[in-house]
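Have a look at the structure below, then the notes.
The values are calculated or read from the model by the stated rules, or taken from the named source; none is laboratory data. Note that this is a predicted model, so its numbers are computed, not measured. Virtual Cβ from ideal backbone geometry, glycine too; neighbours counted across all protein chains shown.
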Amino acid sequence: MQISGAALTHVIQGNPSLKCLKARDCRNLFPGDSCTEKRESDLPSLHEKLHAELGKMNRLEEIEFGWGFSFISFSSLESALMSLKAINIGLGGMLGEDALKRLPAICPLLETIILHFQVMITFPVI
């Protein structure tokens, strides 16, 4: 069963006090960075509308994403993440080192970070 970005946008618009959003295996919510093609009939695209609605939220306490979620998705949602207490990035999602470094500033209330199937590279601390 597939869920559309339009359906999720509608649910978010109708539930302004939403505190938890778990969309871990929804492959089409966050298109890959290589998806730069836009048809004029899609402007603004459903993905942009979804990002805009998520960005308006300032009460989210927990998010869980996977396929397609990336640093670009994270950056576009910064305003919605200020009240975040838990973040869970699963298989197919990629937060990246830069986003991890910025987490304390973007999510000052963060209590839980869960990373599934993420490539972690360690560097010596100097």
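See the values below:
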| item | result |
| --- | --- |
| Counted residues, region 7-25 - those being at pLDDT below 85 and surrounded by fewer than 13 Cβ atoms within 10 Å (Cβ to Cβ) | 2 |
| Cross-chain or 6+ apart pairs with Cβ under 7 Å, region 100-117 first and touching a residue at least 12 places away in the same chain (Cβ under 8 Å) and over 9 Å from Leu84 (Cα atoms), then among the basic types (Lys, Arg) and in a loop (DSSP other than H, G, I, E, B) | Thr112/Lys85 |
| Residue under evaluation Glu97, criteria (1) closer than 18 Å to Cys20 by Cα; (2) out of contact with any strand residue (DSSP E or B) (no Cβ under 8 Å at 6 or more places or on another chain); (3) at pLDDT 80 or above, criterion not met | (1) |
| Counted residues, region 68-93 - those being of a type outside the set (S, T, N, Q) and under 10 Å from the mean Cα position of the chain (by Cα) | 12 |
| Residue match in region 29-49 (condition: polar (S, T, N, Q) and modelled with pLDDT of 70 or more) | no |
| Among residues of region 77-92, those that are outside any strand (DSSP E or B), crowded, with 17+ Cβ neighbours inside 10 Å and free of Cβ contacts under 8 Å to residues at least 40 places away in the same chain, counted | 4 |
| So Phe117, is it closer than 25 Å to Lys49 by Cα and at pLDDT below 85 | no |
| Residue match in region 104-117 (condition: surrounded by fewer than 17 Cβ atoms within 10 Å (Cβ to Cβ), on the phi > 0 side of the Ramachandran plot and out of contact with any helix residue (DSSP H, G or I) (no Cβ under 7 Å at 6 or more places or on another chain)) | yes |
